[in-house]
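*Asks:* One structure, as C-alpha cells, below. Some questions next.
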Amino acid sequence: MSNNMDQILRQTSFSKEDIVTLLQTNKEDRNKLFTHAAAIKEEFAGKKVYYRGLIEMSNICSKNCYYCGIRMDNKNVDRYDISDKDILDAVRFAYQSNYGSVVLQAGELSSPKFTKRISNLLKKIKEISNNELGITISLGEQPDEVYKEWFESGAHRYLLRIESSNPDLYYKIHPRDEKHDFDTRLACLKSLQKVGYQTGTGVMIGLPFQTYEDLANDLLFMKNFDIDMCGMGPYIEHVDTPLYQYKDLLMPLEDRFILTLKMISLLRIIMKDINIAAATALQAIDPIGREKAIKVGANIIMPNVTPGMYRDSYKLYENKPCTDEEAADCTNCMEMRIGITGDEIGYGEWGDSKHYYKRRKQISR
Ligand code: SAH
Ligand code: SF4
C-alpha cells in the first residue's frame with residue numbers, strides 16, 4: 001500500500017481510482033498525504049492564511065434542503081434579519097481588526113427588493129472601508145442580472161457549493177422540484193464564472209448514501225470546472241431536518257473529520273494555487289479542527305463577526321462553535337490558533353485566489 005501511495009503522489013495527474021485509493025488511506029499513509037499537500041500549499045499558495053469576516057445576515061430561507069437546520073419548513077427556528085446598520089457595524093469591526101475581507105452569507109431569498117438591498121450594502125461596505133475590504137458573497141442561486149449587479153456593486157468573490165456533483169445524490173439530499181434543480185445550480189456556477197467572480201464551490205463530506213467514488217468525482221468536478229476557491233466541510237446531522245432519519249447510515253464524526261482533511265489535501269495537490277477554506281463545520285467536531293485543515297492545505301479562515309445575539313439562530317447543523325461569543329472574543333482566539341499552525345495571518349490583504357488571475361490571463365490571451 002505504502003509504495004502504491006508514494007507512486008501515486010509522484011504523478012502529475014490523478015484518475016478517479018487514484019483518488020479513491022488516497023481517500024481510503026490508513027493513518028501512516030495519510031500523514032504522507034498531508035505532508036505532501038502542506039509542501040504544495042507553501043510552494044504555490046504561500047505561507048499566509050487570509051481572514052474573511054463572516055456575517056450571517058439572515059436565517060430566513062425560501063428553500064428546503066433536506067440537511068439544513070434553517071430550511072424553510074423548520075418551524076423550530078427564530079428567524080432573524082440583521083438590520084443594515086448592524087451589518088455595517090460588523091463590517092467596521094472586521095475593517096478595524098484589519099481582516100482583509102468580509103463574507104455576506106444568508107438563507108436564499110430572491111426578489112428585486114433583496115437585490116437592491118444587497119447592492120446598496122455592497123456599495124456602503126466599499127465606502128466605509130475606503131475601498132479596502134474585499135467582499136465575498138454567498139447568497140445562493142440568483143438570475144444572471146442579479147449576479148452582474150452585485151459584481152458591479154463591489155462583490156468580487158462568490159461561494160455557491162454544488163453540495164454534490166452527482167445528480168443522483170443531489171436529489172437524495174434535496175427535494176426534486178424546480179427550486180432545487182441540479183442543472184440550475186450548475187448553470188448558476190457557470191454564470192458566476194462568466195460574470196467575472198472568483199468562483200468558489202464545495203461539497204459536504206460524509207453525507208448519507210455518499211461513496212468514495214462520489215467524493216473522487218467531486219474533486220474531479222472542481223478541477224474540470226476550473227474553480228478558484230473551495231469551501232468544503234463535513235456533513236453534520238441536524239435533528240430538525242428530513243435527512244436526520246438516516247443518521248444510522250453515517251460514518252462516525254471523527255471519520256467524517258479525517259475524510260474532510262483528506263479531501264482538502266487532495267484538492268490542494270490537484271489544484272495547487274486555489275484558495276481553500278477551513279470550514280467552520282470542522283470546528284464543530286474538533287476544537288482545533290480548522291487549524292488542522294490549515295496544516296494540511298487550507299489557506300482561508302472565516303472568523304465569525306455576526307453580532308453575538310444572532311449567532312445561536314444561524315444553526316445549519318448541530319454543535320456550531322462559538323455561538324455564545326462576540327466578534328471581539330474571536331480575534332485574539334484566532335490569532336493564537338493560527339500561530340499553532342506555523343502560518344502567518346495576511347492582515348489587511350485580500351488574499352485573492354492566485355488561480356483566478358492565472359485563469360483570467362489565459363482567457364485574455
Ligand atoms: N443559502 C446559501 C448559503 C448558506 S448555506 C446556500 O445554500 O448556498 C451554506 C452552506 O452550509 C451550504 O452550502 C451547505 O453546504 C452547508 N450546510 C448546510 N447544512 C449543513 C449541515 N447540516 N452540515 C454541514 N454543512 C451544512
Ligand atoms: Fe437555505 Fe442554504 Fe440551508 Fe439550503 S443550505 S436550506 S438554501 S440556507
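*Asks:* In segment 119-151, what residues are in contact (Cβ under 8 Å) with a residue 24 or more places away in the chain, part of a helix (DSSP H, G or I) and among the charged types (D, E, K, R)?
*Replies:* Matches in segment 119-151: LYS123, LYS124, LYS126, ASP144, LYS148, GLU149.
*Asks:* If you don't mind, another one. Would you point out the residue of segment 176-190, among those that are within 14 Å of ligand 1 (Cβ to nearest atom) and of a type outside the set (Val, Ile, Thr), that is surrounded by the fewest Cβ atoms within 10 Å (Cβ to Cβ)?
*Replies:* LYS179
*Asks:* Checking the conditions here, which among ASP78, ASP6 is more than 19 Å from the chain's Cα centre (by Cα), of a type outside the set (Ser, Thr, Tyr), farther than 29 Å from ASN130 by Cα and within 16 Å of ligand 2 (Cβ to nearest atom)?
*Replies:* After applying the criteria, what remains is ASP78.
*Asks:* When the residues of segment 62-73 are filtered to those that are under 23 Å from the mean Cα position of the chain (by Cα) and surrounded by fewer than 21 Cβ atoms within 10 Å (Cβ to Cβ), which remaining residue is nearest to ligand 2 (Cβ to nearest atom)? Quick ask: steps written out before the conclusion?
*Replies:* We begin by selecting, within segment 62-73, every residue under 23 Å from the mean Cα position of the chain (by Cα); these are 62-72.
Right, trim to surrounded by fewer than 21 Cβ atoms within 10 Å (Cβ to Cβ) and you get 62-64, 66, 72.
Numbers: SER62: 7, LYS63: 4, ASN64: 6, TYR66: 9, MET72: 7 Å.
Ranking the qualifying residues of segment 62-73, first place goes to LYS63.
*Asks:* Also: Restricting attention to helices (runs of 4 or more DSSP H) lying wholly within segment 261-327, give those where 2 or more residues are away from ligand 2 (no atom under 16 Å from the Cβ), over 26 Å from ASN59 (Cβ atoms) and of a type outside the set (Lys, Arg).
*Replies:* Helices (runs of 4 or more DSSP H) meeting the threshold: 289-295.
*Asks:* A follow-up question, please. Do we find a residue being β-branched (Val, Ile, Thr), within 16 Å of ligand 2 (Cβ to nearest atom) and surrounded by fewer than 22 Cβ atoms within 10 Å (Cβ to Cβ) anywhere in segment 84-107?
*Replies:* To start, the set of residues in segment 84-107 that are β-branched (Val, Ile, Thr) comprises 87, 91, 102-103.
From the residues that got through so far, the ones that are within 16 Å of ligand 2 (Cβ to nearest atom) too are 103.
Applying the additional criterion that residues be surrounded by fewer than 22 Cβ atoms within 10 Å (Cβ to Cβ) yields none.
The answer is no, given that none of the residues of segment 84-107 is β-branched (Val, Ile, Thr), within 16 Å of ligand 2 (Cβ to nearest atom) and surrounded by fewer than 22 Cβ atoms within 10 Å (Cβ to Cβ).
*Asks:* Identify, by number, the condition in (1) touching a residue at least 24 places away in the same chain (Cβ under 8 Å); (2) charged (D, E, K, R); (3) not in a helix (DSSP H, G or I) that GLU43 doesn't meet.
*Replies:* Every condition holds for GLU43 apart from (3).
*Asks:* So ILE55 ticks every box in (1) part of a loop (DSSP other than H, G, I, E, B); (2) touching a helix residue (DSSP H, G or I) at 6+ places or on another chain (Cβ under 9 Å) but one. Which box is left unticked?
*Replies:* Status for ILE55: all satisfied but (1).
None of the figures in this text is laboratory data; all of them are computed from the coordinates on show. None of these values were measured; they are calculated from a predicted model. Note that we place each Cβ from the backbone using ideal geometry, even for glycine, and neighbour counts take in every protein chain shown.
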